[in-house]
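The values are calculated or read from the model by the stated rules, or taken from the named source; none is laboratory data. Keep in mind it's a predicted model, so treat the numbers as computed, not measured. Counting neighbours? That spans all protein chains shown, and the Cβs are built from the backbone with ideal geometry, glycine included.
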Amino acid sequence: MQAHELLLDGTRNARAFGTPAWLVRSANLDRLSPAGAEALRAAGVSVVVDLREPIERAAAAAPPVHGLPVVHVPLYRLPDGPPRAGSLEGIAELLLDERMPELASAVAAVADAAGGALVHCAVGKDRTGLVVALTLLVAGASRAQVVADYARSGAAVGEERAAEVMRELAALGLDAAAHAAAMRLHLASPAAAMEHTVDRIEAAGGAERLLLDAGLGAERLALLRAKANAWARA
């Protein structure tokens with residue numbers, strides 16, 4: 001189960017599973033062009049799942065041009081927006097330990113989509129990566145496939161955001177170790193980080209158990225598997 005790159009003018013880090021797509025991941029769509037919106041619809045996307053906090057969405061200059069229904073599922077539920085420092089592993093643990101209902105809601109939106117669902121956060125790396133990982137695991141993807149997909153994101157976001165991230169972190173007064181961890185948090189997607197996350201998921205009983213306990217429902221798990229299987233047979 002491997003995604004192919006999807007060219008969407010006005011965003012980055014976009015990959016699609018299937019043609020037509022049952023699942024797409026990307027960075028935010030705030031600057032999506034009309035051509036990008038047309039490509040999104042042509043890929044089969046029928047709903048957008050936005051994982052950002054309200055403060056992040058409010059910073060957008062204008063509503064997205066794609067015209068598709070949007071399901072808002074803020075994962076962090078923090079008034080000041082996403083954490084600016086910390087480790088990739090620690091933040092994934094926080095979400096798995098304390099935000100499983102929100103993660104299950106995001107996965108449910110993918111299952112409920114009439115066509116494909118596009119999942120995004122700000123840059124399409126970590127929040128998106130966790131929702132996509134849970135979705136892929138219950139849909140039948142292997143651990144190696146999930147890890148490999150996550151590891152593709154760093155190259156798509158790193159260089160473009162490096163200067164911006166360094167400016168943001170300069171104001172925090174972090175020591176060298178914390179600064180290095182924060183740079184990794186914002187810019188990298190190492191396979192080791194997703195390996196750690198999948199270890200946590202497996203230690204908790206697996207993606208299916210976590211999502212069922214968070215209220216997803218067996219019927220939605222079946223829908224996800226049916227979507228992935230239909231793509232595999234196409």
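Test of understanding: among 215, 173, 129, 205, which residue is exposed (fewer than 15 other Cβ atoms within 10 Å of the Cβ) and closer than 20 Å to residue 50 by Cα? Talk me through it step by step, then tell me what you get.
On the way: 173 fails: closer than 20 Å to residue 50 by Cα; 129 fails: exposed (fewer than 15 other Cβ atoms within 10 Å of the Cβ); 205 fails: closer than 20 Å to residue 50 by Cα.
Among 215, 173, 129, 205, only 215 is exposed (fewer than 15 other Cβ atoms within 10 Å of the Cβ) and closer than 20 Å to residue 50 by Cα.
Could you check residue 203 against (1) within 21 Å of the chain's Cα centre (by Cα); (2) closer than 22 Å to residue 100 by Cα and say which number it fails?
Going through the list (1) within 21 Å of the chain's Cα centre (by Cα); (2) closer than 22 Å to residue 100 by Cα, residue 203 breaks only (1).
Among (1) at pLDDT 95 or above; (2) loosely packed, with under 15 Cβ neighbours inside 10 Å; (3) under 17 Å from residue 26 (Cβ atoms), where does residue 101 come up short?
(3) is the only condition that residue 101 fails.
How do the pairs read when you match residues in segment 156-174 that are more than 13 Å from residue 185 (Cα to Cα) and among the hydrophobic types (A, V, I, L, M, F, W, C) with residues anywhere that are assigned to a helix (DSSP H, G or I) and modelled with pLDDT of 75 or more, using Cβ under 7 Å and keeping only pairs 6 or more apart or on different chains?
Hits for this filter: 174/182.
When you go through 124, 140, 129 one by one, which is the residue that is touching a residue at least 60 places away in the same chain (Cβ under 8 Å) and in contact with a Phe, Trp or Tyr (Cβ under 6 Å, 6 or more places away or on another chain)? Walk me through it before giving the result.
Numbers: 124 fails: in contact with a Phe, Trp or Tyr (Cβ under 6 Å, 6 or more places away or on another chain); 140 fails: in contact with a Phe, Trp or Tyr (Cβ under 6 Å, 6 or more places away or on another chain).
Of 124, 140, 129, the one residue that is touching a residue at least 60 places away in the same chain (Cβ under 8 Å) and in contact with a Phe, Trp or Tyr (Cβ under 6 Å, 6 or more places away or on another chain) is 129.
Does residue 148 meet the test of being buried (at least 18 other Cβ atoms within 10 Å of the Cβ) and not polar (S, T, N, Q)? If you could, list the steps in order and put the result at the bottom.
Numbers: buried (at least 18 other Cβ atoms within 10 Å of the Cβ): no; not polar (S, T, N, Q): yes.
No; evaluated as a whole, the condition is false for this residue.
List the helices (runs of 4 or more DSSP H) that sit entirely inside segment 117-234 and contain at least 2 residues that are modelled with pLDDT under 95 and touching a Leu at 6+ places or on another chain (Cβ under 9 Å). Outline the logic, then answer.
On the way: elements: 127-139, 143-151, 153-170, 176-187, 191-203, 207-213, 218-233.
Output list reads 153-170, 176-187, 218-233.
For residue 67, indicate whether it is modelled with pLDDT under 95, outside any helix (DSSP H, G or I) and farther than 18 Å from residue 11 by Cα. Explain how you work it out, then say what you get.
Numbers: modelled with pLDDT under 95: yes; outside any helix (DSSP H, G or I): yes; farther than 18 Å from residue 11 by Cα: no.
Answer is no for this residue.
Identify, please: which residue in segment 112-122 is buried (at least 24 other Cβ atoms within 10 Å of the Cβ) and of a type in the set (A, V, I, L, M) and is, among those, nearest to residue 8 (Cα to Cα)?
118
Sort through 40, 8 and tell me the only one that's crowded, with 19+ Cβ neighbours inside 10 Å and part of a loop (DSSP other than H, G, I, E, B).
The conditions single out 8.
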